[in-house]
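Working notes, beginning with the structure itself.
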Amino acid sequence: MCDSVSGVFPHWGENLIVEEKIPTPAKILISEENMIIHNENNTDVFKMISIVGKRLKAVMVLLIILFLQQTVIANAQAPEFMINDVPVLVDAESNILYVSLLPDTEKSFKAIVTTKDSLTMQFALDNGSWHNAPQKFNIENWQDGNYTMRIKSGKKETVYTLVFSTLPFVNIDVSMTALRNAHDEDASMKIPAELRVIDPLARTAGTTDYRHHIATRIRGQHSSEFKKKPFGIELRDSAEETVDEHMFGLRNDDDWVLDAMWVDPARMRNRTMTDLWNSVSDLPYEKDNEYQANGSSGLFVEVFVKNKYYGLYCFTDKIDRKKLNLKKSQAGDDDTIIPRGLLYRGRKYNEATVLRSYDENASEDTLRWCDWLQEYPDDNNAVATWQPLKDFIDVVSDDPKVYHQLSEEYLEWLYPENLADYFLFVNAFYLKENTMKNYFLSFVNIKKQHRALFTLWDMDASFGRKGDSTPFFDDSTRYAFDETLTKRIGLTNRLMEDNTFHFKSILHDRWESVKNNQLSVSNVEKTLRTYAKLLTKSGAFAREQAKWGESAAPDLDAEIDQMVNWYARQWDMVEKKLKKYPRIYTLGDANNDGDVDVTDIAMIAAYILDGTIDGLTKTAADSNLDGIINVMDISTVAASILDE
C-alpha cells in the first residue's frame, strides 16, 4: 500500500508520468510524456506506461490510485500481538505501540502479552528482562505515558513507545494524498480502502479486531477545507456492493461518518448537543426499532491513517430515511419511483430555507432547489419532489404576500412539541447556525399526511462559540429570544407574534418539562464534564492537542467552565421569558380532552408499554414534571383523581 502520493495531477494534457519509489512512500512526478514507476535505485520495476489522451477523466484518477495502492508495499514489517486479548496497533515507522483498554481500566493493571501461535517474539518492559509470550507485565500508571516495550524477533530488536487509551481505535488504510486528489476531482468520489476497528468491548461483529473493505472520501461542504479532514466511510464487499453492520453496537448500516470536530476547541459540542436534543425531542410517530431517533447517535474514537495517528473523532450514523423511519418510495407500474417519505436539508441561508418564500422560476428538475438538498429519495434527478416543501412554505410563511390562515390547519402541517423543541434549542443554546441551516425537514409519508418534522444536526456552533470558533461568551448582544433568532425564522416569528394555536403556551409547557432535568444547568454540566473526563483520562485530548494544537483548547477544563457559565446565563434568560406565558395543558390530561380521569391513566400506561400512542400530549402526560413518562405519572394522576 502506498503511504502517500505527492504532487499535483497536471491539467490533463496529452501525456502523464508518475514515478513511484518502492518500498518508500509513494511519490508522483509529472511530465508530459509517460508514466514510469521504478524503485529507489532507478531500476525499472514496472514497464513504462504511456497514457495518451486529450483529457483524462475522473476514472483515470481512480485507476492510478488503485494501481499505486495495490503495487506499493509497506516500508516496515510491523509485529502483531495482543495485550489483554486486544490487538495492539503498531506504528512501525515511528516505533509507537497504541493500546486500547477497557473504559473502566484502573491506573494500575496487569498487561498480558500474547502473540499468534506462529509468531515467536520476546518482550521486555522498559529495561526489564526478556520474556517469551504469553507474559504478564505490571503497569503501575498507564496514564503517565512513560513506558517503553522492547520487542525481539529473531536477531532484530526494536524499542517502542507504549501509548494507552480507553477509547477504541479506527484505522483507515488509505493514502491521504489519494483522498485529496479524488476530492479535488469530484467531492463525492469514494476510493477503495481497508478499515480496521480495535475495540476492547467487541461491539462490532462480536470481535475486538474488526476488519472490512470500505470506500471512503473526504466529506463536508466547508469542513473539507480544514487541515484535519472529516471522513465518510461506506462498508463494501469484494464486488464493491454495500454491506450493513452494527458498528460499535449502533444501528445496522453501511454508511458512517467520522466527524473531525475541527471548529470546536472542546471537541464535544456537537455530540453533547445531539445527546441533549435526542433526550428531549423524540420521533412523534411509531418506530420500527430501538435505533431510530430524531438525531444521530455516536461515540468518540481515535483515528489512524495507515497506522499513523490522525486525531480524535466522533464516529456517528447519519440522519437519513432509516434513522427517521420515513416510508420507502414505491415502484410505479411504469418503473417510475413514487416518493412517500421525504427528507430535505437546508444548506445555507435563503428565503426558502427560512420558510418565508421561494423563487417561483427555480428549476425543480434536480435534487437541489433554492438552497435545499433532497436527501431522500436521492436515486437520481427524476425523483426530485419539491411540491410538498413548496406547499409547506406557502402555509407557514410570514410573508404578507402569501400569508395563509394557519390556526385551523396547524396540526395538519406541524408537530407542535417538535417545533417547540427546535425553537427552545435554538434560543437556549444560541444556535444561529441552525436557524434554517444545518437542519433537516422531513415528511414521514406524504401520501397520507404532510406534517413536517424538524431535526437538528451539526451543532458545533453552540455554547458561546460561532461557526468559525470565535467565542462570544461575554457578548451581551447575543442572547435567548433576541431578534436575530426570533425574526430570522419565518414560521416561529409568525407563531410568536400571533400566538397561533397558543404556541407561546406550548413553549412554556415544553420548557417546564425539561428545565429541571434534561436541560437543567446541572445536567448539561454533568454531560460536558463526563465527556471531558473521558477525553482527558484516555489521553486522547492531549494527543489531539499535540497533533492539531492550533484548534484544540489549550485548557479543556477552562473551556468547559466557560461553556457552563455561559449556559447558566442563557437558562436564566429562557426562564424569565417563558414563565410569562400561561400553561395550555392540564397536568395529567394525557388525551387533552379537558378532564383528568381513568382514560388518561390508560393512555399513559399504553405509552409506557408501547413507546408511542396517537393522541398523547406528552407535556400533560408527564404529570410530575420530571421529564420522563413512567409509572410515577400514573400514580400522580391517580392521586389527583382520588383527591377530587
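The values are calculated or read from the model by the stated rules, or taken from the named source; none is laboratory data. Treat the numbers as computed from the prediction; the structure is a model and nothing was measured. Virtual Cβ from ideal backbone geometry, glycine too; neighbours counted across all protein chains shown. Quick note on the areas: whole protein, heavy atoms, side chains included, nothing else; ligands and nucleic acids left out. Shrake-Rupley method; radii C 1.70, N 1.55, O 1.52, S 1.80 Å.
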- [ ] Scan around Asn325 for amide H atoms under 5 Å from its own, H built in the peptide plane at 1.01 Å from N, and keep only partners 5 or more places away or cross-chain.
- [x] none
Open item on the list: Taking 0.36 nm per residue of sequence separation and subtracting the Cα-Cα distance, how much length would be gained by fully extending the chain between Ser520 and Glu194, in nm to one decimal?
Closed with: 113.0 nm
TODO: Report, to the nearest 10°, how far helix 58-71 tilts away from the longest principal axis of the Cα atoms in the chain, using its own Cα long axis and a range of 0 to 90°.
DONE: 50
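Just check the range 76-207 against the gyration tensor rule for me: Cα atoms, a ≥ b ≥ c as the square roots of the eigenvalues, rounded for a/c under 1.5, and otherwise prolate or oblate depending on whether a/b exceeds b/c.
It comes out prolate by the Cα gyration axes.
First compute the accessible area of the range 431-545 with a 1.4 Å probe, then give the percent of it belonging to carbon and sulfur atoms.
Answer for the range 431-545: carbon and sulfur cover 46 percent of the accessible area.
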Task: Where Cys314, Cys370 fall by accessible area, highest first, once all protein chains stay in place (1.4 Å) - done: Cys370, Cys314
Open item on the list: Counting just the Cα atoms, what span does the range 406-505 cover along each of its three principal axes? Round to the nearest Å and put the largest first.
Closed with: 45, 27, 17
Task: 10 Å-binned pair-distance histogram of the range 451-589 (Cα, whole percent) - done: 10, 31, 33, 17, 7, 1
Open item on the list: Above 39 Å lies some portion of the pair distances; for the chain, what is it as a whole percent of all C-alpha pairs?
Closed with: 41
Open item on the list: Can you tell me, using C-alpha contacts under 8 Å and at least 6 residues apart, the relative contact order of the chain as a whole percent?
Closed with: 9
Task: Within straight-line cross-link reach of Lys579, lysines at Cα separation under 20 Å, skipping those fewer than 8 residues along the same chain - done: Lys504, Lys515, Lys618
Task: Cα radius of gyration and Dmax for the range 538-635 (Å) - done: 21.7, 62
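Which sequence of Asp595, Asp391 reflects their accessible areas, 1.4 Å probe, from the largest down?
Per-residue accessible area, sorted high to low, gives Asp595, Asp391.
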TODO: Round to the nearest 10 and give me the degree value, 0 to 90, for the angle of helix 269-280's Cα axis relative to the longest principal axis of the chain.
DONE: 40
Task: In Å², nearest 10: area of Tyr147 left accessible to a 1.4 Å probe - done: 20
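If you count only protein heavy atoms with a 1.4 Å probe, what accessible area per residue comes out for the chain, rounded to a whole Å²?
On the way: 28400 Å² over 644 residues.
Counting only protein heavy atoms, the per-residue value for the chain is 44 Å².
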- [ ] Note the full-extension length gain between Asn132 and Asp498 as 0.36 nm times their separation in residues minus their Cα-Cα distance, in nm to one decimal.
- [x] 124.0 nm
- [ ] Find how much the distance from Asn565 to Lys328 grows on full extension, using 0.36 nm per residue of separation minus their present alpha carbon separation; answer in nm with one decimal.
- [x] 80.9 nm
Task: Gyration tensor verdict on the range 186-243 (Cα atoms; rounded if a/c is under 1.5, prolate if a/b is larger than b/c, oblate otherwise) - done: oblate
- [ ] Pairs of Cα atoms under 8 Å, at least six residues apart: use those to get the relative contact order of the range 493-644, whole percent.
- [x] 25
TODO: Between Asp482 and Phe226, with labels modelled 7 Å along Cα→Cβ, what's the label distance in nm to one decimal, could you check?
DONE: 2.4
Task: Cα-Cα over 24 Å, subset of Lys306/Lys533; Lys116/Lys547; Lys227/Lys308 - done: Lys306/Lys533; Lys116/Lys547
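Quick one: ranking His246, His213 by accessible area, 1.4 Å probe, largest first, what do you get?
So the residues, ranked largest to smallest area, are His246, His213.
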Open item on the list: What figure, in Å² to the nearest 10, do you get for the accessible area of Tyr607 with a 1.4 Å probe and non-protein molecules left out?
Closed with: 40
TODO: Specify the angular offset, from 0 to 90 degrees and rounded to the nearest 10, of the alpha carbon long axis of helix 521-537 from the longest principal axis of the alpha carbons in the chain.
DONE: 0
Open item on the list: Could you compute how much accessible surface Thr599 exposes when probed at 1.4 Å, giving the result in Å² to the nearest 10?
Closed with: 70
Task: the range 181-288: relative contact order as a whole-number percent, Cα under 8 Å and 6+ apart - done: 18
- [ ] Give, as ranges by residue number, the residues of the range 531-556 whose backbone N falls under 16 Å from the point 7 Å along Cα→Cβ of Asn141.
- [x] 537-539
Open item on the list: Apply the a/c threshold of 1.5 to the C-alpha gyration tensor of the range 581-644 and tell me whether it is rounded, prolate or oblate.
Closed with: rounded
